[in-house]
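Have a look at the structure below before the remarks.
The values are calculated or read from the model by the stated rules, or taken from the named source; none is laboratory data. Model, not experiment: these values are computed from the prediction. Cβ coordinates were reconstructed from backbone atoms using ideal geometry, including for glycine residues, and neighbour counts include every protein chain displayed. SASA here: full protein model, heavy atoms, side chains in, ligands and nucleic acids out. Shrake-Rupley method; radii C 1.70, N 1.55, O 1.52, S 1.80 Å.
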Amino acid sequence: MLRLYDTQTREVRDFVPLVEGKAGLYVCGLTVQSEPHVGHVRSAVNFDVLQRWLRHEGYDVSFIRNTTDIDDKILAKAEEQGRPWYNLAYDMKRELDRAYASLNVMPPTYEPAATGHVPEMLELITRLIEAGHAYPAEDGSGDVYFDVQSWPAYGELTHQRIDDMEAAGDADPRGKRDPRDFALWKGKKASEPETASWPSPWGRGRPGWHIECSAMAGKYLGSAFDIHGGGVDLRFPHHENEVAQSRAAGQRFASYWMHNAWITTAGEKMSKSLGNSLLIPEVLKRVRGIELRFYLVAAHYRSHVEFSFEALDEAAQGFRRIEGFLERAGEEEAGEVPQAFADAMDDDLGTPAAVAVLFDTVREGNRSGDPAPYAAQVRAMLDVLGLDPADPAWPDAQKTDAGLSDVVDALLSGLLAQRSEARAAKDFATADAIRDQIAAAGIEVEDTPDGPVWSLSQKDA
RNA sequence: GGUGGGUUGGCCGAGAGGCGAGGCAACGGACUGCAAAUCCGUGUACACGGGUUCAAAUCCCGUACCCACCUCCA
């Protein structure tokens with residue numbers, strides 16, 4: 001039985017889907033305003049593992065992950081860079097897709113963008129106004145606000161009382177009835193481009209941040225769905241506001257709320273504004289995508305991770321042990337996952353314990369005369385974690401091209417034969433020189449009972 | 001000020017009064033001409049100070065520190 005930690009109830013609860021055998025997930029994706037960093041990708045990997053585990057357990061999964069492609073920052077940045085906001089958003093979206101692909105993050109069932117769902121948002125906002133939970137600003141700005149005082153349950157997700165909350169620092173309070181009211185719709189400002197506005201009953205404008213998720217979750221998953229996820233920072237205000245406006249509009253909304261923790265560097269969270277982000281292409285110069293993913297998966301999703309290249313390198317080294325085992329075991333179809341692994345995953349996605357089972361199985365496989373059954377288990381576990389090296393979803397650059405492999409084989413055969421002769425003659429100086437020469441080309445040679453075996457060195461870069 | 005989460009050996013992490021969870025890394029040994037790979041072995045770690053107890057990482061009191069959110073944030 002899968003058990004998940006629910007942010008709202010603050011406890012690990014049995015996962016009981018609304019409809020047996022089905023799971024509806026909505027995860028807040030990114031605002032595409034800059035290059036993705038390790039923290040962004042952690043969230044995606046964490047929820048990817050959730051999706052994979054649910055599928056493995058036989059659930060029919062609907063996984064919706066949105067993209068916020070319009071907001072203040074996108075507009076400001078685009079302006080600064082002198083290009084259209086939609087071009088910036090699209091560019092960054094493609095960067096993000098590349099990052100996801102390099103980490104074997106499965107595509108969601110659908111990835112809706114905010115700008116594609118303005119009609120749905122307008123419908124929702126209209127309903128909220130009619131229900132007395134929202135109002136157009138009285139200052140003629142064209143803004144529409146959610147009226148937090150009209151919704152007694154406001155604060156239910158994060159267990160806060162309205163009176164304890166600080167008012168928004170940024171928003172000018174002129175048009176608001178309560179400083180904590182938040183924007184559902186933002187009236188177009190004269191300084192903003194025409195392309196960044198849509199017609200509405202309250203004049204041209206653009207979506208507020210939170211409303212998109214309520215609208216899109218409702219459209220694709222229905223008024224009630226199983227799991228809503230995102231980073232911890234989104235609990236408040238984003239998710240709190242989402243619940244408020246969704247429930248006020250008559251939707252039941254999510255049954256479980258899951259939030260992944262941060263990755264920090266030098267004790268500080270990575271942030272676009274702090275400028276201490278570890279961008280994915282940079283990190284991938286050091287380790288392969290599969291190794292970065294392993295590093296992320298080896299930590300529990302609710303634990304704060306202090307990123308370090310040392311830890312990343314150690315994780316990568318550990319992962320190569322698993323890969324080496326699979327290579328030696330040969331092609332083996334994925335089999336069943338060990339019970340201990342399933343137990344770990346069922347316990348709120350206990351990936352650290354699951355990874356331990358993975359290594360235990362590798363050791364047993366190495367110890368046994370017949371590694372095949374163990375390899376099948378290992379493949380099955382890696383598959384759940386999105387870490388199967390043989391998964392064709394990994395970008396081609398990470399795999400050794402089969403044709404190229406034959407070429408290298410042919411080129412090396414002469415050298416390896418010479419080396420074998422030298423070794424047979426106990427001329428180890430020559431043998432080692434040949435091995436060094438090959439190593440200089442980035443290829444490692446290992447002597448096995450069946451003769452020398454070469455592989456591309458993975459310890460450089 | 002409000003709301004949460006933390007602090008267990010280099011890293012990831014269980015455990016919720018008693019018999020040193022586990023995994024990775026590191027180190028040592030075996031194997032090897034040497035390596036590599038593999039196997040075997042090795043760590044008394046629980047933020048600090050008091051207390052309760054025959055016994056405390058676990059309970060009590062106090063303290064420190066870290067992190068996050070409070071309307072840009074994964």
(message) If I model a spin label at A:Ser223 and A:Glu156 as a point 7 Å from the Cα along the Cα→Cβ vector, what separation in nanometres do I get?
(response) 1.4 nm
(request) With all protein chains present, calculate the accessible area of A:Arg320 using a 1.4 Å probe and round the result to the nearest 10 Å². (result) 60 Å²
(request) Starting at the first residue of the stretch A:293-310, write each ³J(HN,Hα) from the Karplus equation 6.51 cos²θ - 1.76 cosθ + 1.60 with θ = phi - 60°, in whole Hz, x for Gly and Pro. (result) 4, 4, 4, 5, 6, 5, 9, 6, 5, 8, 9, 6, 10, 8, 5, 8, 5, 4
(message) What percentages make up the Cα-Cα pair-distance distribution of the stretch A:400-456 when the bins are 10 Å wide from 0?
(response) 23, 58, 17, 2
(request) Kindly write out, for the stretch A:14-27 in residue order, the coupling ³J(HN,Hα) from the Karplus curve 6.51 cos²θ - 1.76 cosθ + 1.60 (θ = phi - 60°), rounded to whole Hz, with x marking Gly and Pro. (result) 4, 8, 10, x, 5, 10, 4, x, 10, 9, x, 10, 10, 10
(message) With every protein chain kept in place and ligands, DNA and RNA left out, what is the accessible area per residue of the stretch A:47-161? Probe 1.4 Å, answer in Å².
(response) 43 Å²
(request) Sort A:Trp198, A:Trp85 from largest to smallest accessible area, using a 1.4 Å probe on the heavy atoms of the protein chains. (result) A:Trp198, A:Trp85
(request) May I ask you to derive the relative contact order of chain A, considering only C-alpha pairs under 8 Å and at least 6 residues apart, and to give it as an integer percent? (result) 16 percent
(request) State the Cα centre-to-centre distance between the stretch A:211-237 and the stretch A:413-448 in whole Å. (result) 59 Å
(request) Pick out, from A:Val408, A:Gln377, A:Gln418, the residue whose Cα sits farthest towards the positive end of the charge dipole of the stretch A:366-436, with +1 on the Cβ of Lys and Arg and -1 on the Cβ of Asp and Glu. (result) A:Gln418
(message) Going by amide H atoms built from the backbone, whose H comes under 5 Å of the H on A:Val27, apart from near neighbours?
(response) A:Ile64, A:Arg65, A:Asn66, A:Gly229
(request) In Å and from the alpha-carbon atoms only, list the Rg and Dmax of chain A. (result) 26.3, 94
(request) Report the normalised scattering of the stretch A:3-264 as log10 I(q)/I(0) at q = 0.14, 0.15, 0.16, 0.17 Å⁻¹, calculated by the Debye formula with identical scatterers on the alpha carbons. (result) -1.00, -1.15, -1.30, -1.44
(request) For A:Glu310, A:Glu242, write out the residues from largest to smallest accessible area, computed with a 1.4 angstrom probe and no ligands counted. (result) A:Glu310, A:Glu242
(request) Express in Å², to the nearest 10, the accessible area of A:Glu130 obtained by rolling a 1.4 Å probe over the protein heavy atoms while all chains stay in place. (result) 140 Å²
(request) For the stretch A:104-145 and the stretch A:1-70, write down the distance between their C-alpha centroids in whole Å. (result) 22 Å
(message) In Å, what Kirkwood hydrodynamic radius results for the stretch A:307-397 from the alpha-carbon pair distances?
(response) 13.6 Å
(request) With r as the distance between the Cβ atoms of A:Leu411 and A:Val16 and R0 = 51 Å, compute the FRET efficiency 1/(1 + (r/R0)^6) and round to 0.05. (result) 0.30
(request) Search the structure for amide H atoms under 5 Å from the amide H of A:Leu184, placed 1.01 Å from N in the peptide plane, and list their residues when 5 or more places away or on another chain. (result) A:Val144, A:Tyr145, A:Phe146
(request) Compute the convex hull volume of the Cα atoms of the stretch A:80-215, divide it by the residue count, and report the result per residue in Å³ as a whole number. (result) 158 Å³
(message) Test of understanding: express the Cα radius of gyration of the stretch A:7-120 as a ratio to 2.2 N^0.38 Å, with N the residue count.
(response) 1.22
(message) On a 25 Å Cα-Cα criterion, which of the cross-link pairs A:Lys189/A:Lys219; A:Lys73/A:Lys285; A:Lys73/A:Lys93; A:Lys77/A:Lys188; A:Lys77/A:Lys285; A:Lys22/A:Lys73 come out too long?
(response) A:Lys189/A:Lys219; A:Lys73/A:Lys285; A:Lys77/A:Lys285; A:Lys22/A:Lys73
(request) For A:Arg204 paired with A:Gln339, estimate the spin-label separation in nm (one decimal), with each label point 7 Å from Cα along the Cα-to-Cβ line. (result) 6.7 nm
(request) May I ask you to rank A:Tyr374, A:Tyr26 by accessible area, largest first, using a 1.4 Å probe over the protein chains only? (result) A:Tyr374, A:Tyr26
(message) Under the rule of at least 5 residues apart or a separate chain, name every residue whose amide H is placed under 5 Å from the amide H of A:Thr264.
(response) A:Val305, A:Glu306, A:Phe307
